[in-house]
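Below is one structure, written out as structure tokens; comments come after it.
Please treat every number below as a calculation from the coordinates, not as lab data. Fair warning: this is a prediction, and the values are worked out from it, not measured in the lab. Glycine gets a Cβ as well: all are built from the backbone with ideal geometry, and neighbour counts include every protein chain shown.
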Amino acid sequence: MNRGKLAAIKLRDEIGLEDPDDLPIEDVVVGRGGIVQYRSMGRTDGRIVYGKNLSTIFINSDIQYEGRRRFAIAHELGHLEMHKGSPLHEDNVSLDWFNNAEKHLKKGVQEYEANQFATEYLMPSDLFYNEAKGKIFNPDLVRHLAERFKTSLTSVAFKYFDTGLHPMAMFHIFNGKIRYWKKSDDLKVWIRDITKLPPPEDSVAMEYIEGGYKPIYPKDELQQSIYKSTYFKLGDYDEDTDFYEYCIVTESFKNILSIVWEK
Ligand SMILES: [Zn+2]
């Protein structure tokens, strides 16, 4: 088990917290030697300044969604629990999920651990699994889970991926290009060579890029039909079957998490 997840379980144990909803996260921060302050911070979701007796977590007051705000606080709480003593750092919380190319860098490891901490703290694995199992995967389920656990859609998507409940591929698109992807072992596809390139012309992600990262579809049409060949290589005898694509878009970061699964 990774360090971030372990630290979150340990913290919940120490304070006797079964459901993170039972205690305001700001109060937990205070109990662990920190304080949460809100201020306008441009494109940064959160930041921590470590102090000998008291550390200060700054959270961007412009964040509109409670779930994203809570995730940012939980991420910084993870730094407080695990990384106290490191130089101060700014966080662009949503960009550090895939832990691929940057994992050899210390900052990359710390970001990954802080995300894992926040994920387990806000979405205890057993509660999450019980809430998600037996339900059809779609954008409504992601939204339902985000509301249930009061966390960000992105964090729910990654947590859900890790449960292995439904085979899927995920693409992280930043500034118009695919940075990382990953897929479930049981999604039997070959991903086209698209890393570092713009997403495919006929993808939903490309629609969002061309539309300036603004919302395009109403709530009940967030899952759009695409073809298998949009993101995947077709073998000689493969049929170009229908897939779904659902994009979680963060306009302020020019960030898209695209989730693709078979229809
Ligand atoms: Zn961080």
Of the residues Leu80, Ile15, Thr230, the Cα lying farthest along the dipole of the chain towards its positive end, which is defined by charges on the beta carbon of Lys, Arg, Asp and Glu, belongs to Leu80
Full-stretch length increase - Leu197, Ser40 - with 0.36 nm per residue and alpha-carbon distance subtracted:
53.2 nm
Descending packing, highest mean Cβ count within 10 Å first, for 12-20, 113-121 is 113-121, 12-20
Given Lys5/Lys84; Lys196/Lys263; Lys84/Lys196, which pairs have Cα atoms separated by over 25 Å?
Lys196/Lys263; Lys84/Lys196
With label points set 7 Å from each Cα along the Cα-to-Cβ direction at Met1 and Leu187, the distance between them in nm comes to 2.7
Describe numerically, in nm with one decimal, the distance between label points set 7 Å from Cα along Cα→Cβ at Tyr180 and at Glu207.
2.7
How much length is gained if the chain between Asp236 and Glu66 is pulled fully straight, taking 0.36 nm per residue apart and subtracting their Cα-Cα distance, in nm to one decimal?
56.4 nm
What FRET efficiency, computed as 1/(1 + (r/R0)^6) with R0 = 35 Å and r the Cβ-Cβ distance, is obtained for Asp22 and Asp220, rounded to the nearest 0.05?
0.60
If one puts a single equal scatterer on every Cα of the chain and applies the Debye formula without solvent, what log₁₀ I(q)/I(0) results at q = 0.08, 0.12 Å⁻¹?
-0.32, -0.72
Rounded to 10°, Cα long-axis angle of helix 66-82 versus longest principal axis of the chain:
60
If one compares the long axis through the Cα atoms of helix 3-15 with the longest principal axis of the Cα atoms of the chain, the angle in degrees, nearest 10, works out at 50
Could you give the angle, 0 to 90 degrees to the nearest 10, between helix 106-122's Cα long axis and the longest principal axis of the Cα atoms of the chain?
90
Hey, what number do you get for the chain at 222 nm if only DSSP H runs of n ≥ 4 count, each worth -39500 (n - 2.57), divided across all residues, to the nearest 500?
-11000 deg cm²/dmol
